[in-house]
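The values are calculated or read from the model by the stated rules, or taken from the named source; none is laboratory data. A quick note: this is a predicted structure, and the numbers were derived from the prediction, not measured. Note: ideal-geometry Cβ built from the backbone for every residue, glycine included; neighbour counts use all protein chains shown.
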Amino acid sequence: MAGRHNAPTTGATRDDGPAGPLLRTGLLLGIGIAGFVDEAIFHQLLQWHPFYWATDQHGRILSDGFFHSASTLALLWGAFRLWRGDATWRPPRRRVILAGLLCGAGGFNAYDGLVQHVILHLHLVNEHVCPTLNNGANSILTCRADIPYEVVWLAVALTALGAGIALWRRARAFATLATAHTAGGDGPGHAIHARDRQRGKKG
């Protein structure tokens, strides 16, 4: 009888899986997707900026190549972890992975906007609105026309990051509640087993 009661707990733990590895997988996927979208849309299609603009054209293309390689590696690593971990898209796992994905994408773009754009001046969001194109000395102080683009960039990044943190908290609360129900024997499965036992006694 004891073994019969322990089986649902073991199965629930195996299905839910540890949240930490799932969160890290989502973070890698989010960083990789954000980098891929940035490179494909803003670097290549719109050509608003390269990764590093204080150099010649060869250097700008080379810096974009390094950036694209790093973001693709993060995306492939996250996809490999997702495949190797056999993470099904059940609600507990789905919440954790999506939380990590939003945190990864939002956190990466927030870092990009604050550190690479504002502090290091590696590039701005749209260098074409600056007085001098491809000028390594450009910054938000010398190119005030770019400030609205920076504000929108950071607003979208922080919104995604905030949504990811909120979803992560909900996922942790859900996992804690499910664990407590399983340990206390008051989950849905326990209620069904108790009802079946009662019917068996009446029969």
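In segment 45-66, how many are aromatic (F, W, Y), touching a residue at least 24 places away in the same chain (Cβ under 8 Å) and out of contact with any Asp or Glu (no Cβ under 6 Å at 6 or more places or on another chain)?
Matching residues across segment 45-66 total 3.
Does at least one position in segment 149-172 carry a residue that is modelled with pLDDT under 85, surrounded by fewer than 16 Cβ atoms within 10 Å (Cβ to Cβ) and more than 30 Å from R60 (Cα to Cα)?
The answer is yes; a qualifying residue exists.
Filter segment 120-148 down to residues that are β-branched (V, I, T) and more than 24 Å from A74 (Cα to Cα) and give me whichever is surrounded by the fewest Cβ atoms within 10 Å (Cβ to Cβ). Walk me through it before giving the result.
Keep residues of segment 120-148 that are β-branched (V, I, T), which gives 125, 129, 132, 140, 142, 147.
Cutting the leftovers down to more than 24 Å from A74 (Cα to Cα) gives us 129, 132, 140, 142, 147.
Details: V129: 16, T132: 11, I140: 18, T142: 14, I147: 14.
Step by step, filter segment 120-148, then rank; the result is T132.
Scan L141, L101, L133 and give me the residue that is in contact (Cβ under 8 Å) with a residue 24 or more places away in the chain and either under 30 Å from L22 (Cβ atoms) or more than 14 Å from the chain's Cα centre (by Cα) (or both).
Step by step, each of L141, L101, L133 is checked, and only L101 is in contact (Cβ under 8 Å) with a residue 24 or more places away in the chain and either under 30 Å from L22 (Cβ atoms) or more than 14 Å from the chain's Cα centre (by Cα) (or both).
Return the residues of segment 38-72 that are exposed (fewer than 14 other Cβ atoms within 10 Å of the Cβ) and within 19 Å of N109 (Cα to Cα); say none if nothing qualifies.
A40, I41, Q44, L45, L46, Q47, G65, F66, S69
Across segment 103-121, what is the total count of residues that are among the hydrophobic types (A, V, I, L, M, F, W, C) and under 19 Å from Y52 (Cβ atoms)? Before the answer, list the steps.
Taking segment 103-121 as the starting set, the residues that turn out to be among the hydrophobic types (A, V, I, L, M, F, W, C) are 103, 105, 108, 110, 114-115, 118-120.
Cutting the leftovers down to under 19 Å from Y52 (Cβ atoms) gives us 108, 114-115, 118-120.
Looking only at that region, the number is 6.
Somewhere in segment 174-181, is a residue at pLDDT 90 or above and either part of a helix (DSSP H, G or I) or more than 24 Å from L29 (Cα to Cα) (or both)?
No, that holds for no residue.
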